[in-house]
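The values are calculated or read from the model by the stated rules, or taken from the named source; none is laboratory data. This is a predicted model, so every value here is computed, not measured. Every residue, glycine as well, gets a Cβ built from its backbone with ideal geometry; the counts of neighbours run over all protein chains shown.
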Amino acid sequence: MVADLSGASRFAPAACSRLVIKIGSALLVDPDGKVRRDWLEGVVADIAARHAAGQRIAVVSSGAIALGARRLKLPKGGRASLEDAQAAAATGQIALSHCWAELLGAKGLTAAQILVTLDDLEDRRRFLNAASTLDRLLSLGVVPVINENDSVATEEIRFGDNDRLAARIGQAADAQGVILLSDIDGLYTANPHRDPAAKLVPEVARIDAKIRAMADGGSASGMGSGGMISKLEAARIAQASGAHLAIISGKRDHPLAAYDADGRGTVFLGTKSGSARKAWLAGRLTSKGRIAVDAGAATALTSGRSLLAAGATSVEGRFARGDVIDIVGADGALLARGLAEYDAADAAAIVGKRRDEHEAILGYAPRSTMVHRDHMVLL
C-alpha cells in the first residue's frame, strides 16, 4: 500500500531524509532580548526525535542581532544603523551558537556553525563548496546551525531574511523538505489579522498571481525581517529544486511534533524539472543585467527554445560572457534566467539583428544564441 504523502507526511523521516528548519527571531528571542529557552528545548527535542528516526536536519536560526542588541544595550533592537546591526550580530552570534550547541549536546547531538553571505550562495563555485561542507556534516550526523553573516553583510550583499536563506540552504544540502517556523500557521486567502473570513490554504502546487495576491509583506512581531512575501519567494526557490516547503506555526510548544499530529500549515509542492545547475539559477536572488524580448521570443522561450538576438529588444546592465542575466518580456515581467553568451556591449550591438548580420557587426564569428536553453531556466 502506498503511503499518503500529503501535509506533514511529506516531511516525515521516511519521506524526507534531509530537512531544513528555519526559526525566526520572534520565536527564538523574547521582547526583552532573551532566548526563549524552554520553547527552544522543545524544538531540540523534536529535532532529536527525528534524528533518531534517521532524518538529518540543518537549522537556519535567526536571533543573533536581537541577542546582541540586548547585551550591548543598543536602541531599536540593534537596527538603528547598519553599524549597530553588525556589532549586535557579532556579539549575539556567540551566544546563539553556544545555546544551540548546549541544547543539542544535551540530546547527544553535535552542532556545527556555518555563517554565510549572499555572495557565498550566488557564486557557483562557493555554492558548491558550501554544498560539500553541508553534505559532509549531515553524513556525519551533525546538526549544522546556519545564519546569515550579518556582522559583515551590507544592504547590497545580504539576503535580508532567513526564509530565502533557508530555501537556498535546502538546495545546497540536497534536502527534500524545508519547514519555516513562523508567527502565523500558513498562507491565508487574506490577512487573518484584518479579515476574519480569511481561510488557511493547505496546499499550493504553483505560485501564480492569485497566490501572490494573498501575501502580506508585514512581520507580525516587528522583530524579524521576513513577511509572507519573503516566504513565497522561499517557496519558489524550494519548489525549483524539487523540495517541498511548509509554513507552520512556531507559536506552540514542540512545534514539529504538533505539526506531525495535526498537519496544520501550508505546503508548497516541489516541482523540480531540470538539473541541479538550473535549480541553482532559478534560486538566485541577483543578476548582472537583463535582456528584454518581444512577444515572439517570449513564446519561443516557453516552448523550450534558446534566446536569439533577433527576438531581443534591449540590453541593460554590465555583464560578461558567463554571467547570470535575467530575460524579461515587453511588460518587464521576469520570464527566465540564464548565462549570457555575450558581454553586455556585444549583446547590445546585435539586438534585433539576424544571425547572418552578426559577424559584420562584431568582427568575429558569432555564437548561435544570446542565452542557450541548456543554460537557462524559466521562471
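Miscellaneous remarks
- Close Cβ contacts (under 8 Å, 6 or more residues apart or on different chains) running from residues in the range 41-62 that are farther than 18 Å from SER182 by Cα to residues that are of a type in the set (Ser, Thr, Tyr) and surrounded by fewer than 20 Cβ atoms within 10 Å (Cβ to Cβ) comprise GLY54/SER17; GLN55/SER17; ARG56/SER17; ARG56/SER139.
- Checking each residue in the range 71-81 for being without any contact (Cβ under 8 Å) to a residue 40 or more places away in the chain and in a helix (DSSP H, G or I) picks out ARG71, LEU72, PRO75, LYS76, GLY78.
- A single entry from ALA131, ALA112 fulfils the requirement of being of a type in the set (Gly, Ala, Ser), part of a helix (DSSP H, G or I) and under 28 Å from ARG50 (Cα atoms): ALA131.
- In the range 352-379, residue nearest to the chain's Cα centre (by Cα) [restricted to those that are crowded, with 18+ Cβ neighbours inside 10 Å and in a helix (DSSP H, G or I)]: HIS375
- Just one of (1) part of a helix (DSSP H, G or I); (2) in contact with a Lys or Arg (Cβ under 7 Å, 6 or more places away or on another chain); (3) buried (at least 24 other Cβ atoms within 10 Å of the Cβ) fails for VAL60. It is (1).
- Selection of the range 1-49 for residues being at pLDDT below 95, of a type in the set (D, E, K, R) and either in a helix (DSSP H, G or I) or within 27 Å of GLY242 (Cβ to Cβ) (or both) yields only ASP4.
- Set THR313, THR266, THR299, THR286: member being without any contact (Cβ under 8 Å) to a residue 12 or more places away in the chain and of a type in the set (Val, Ile, Thr): THR299
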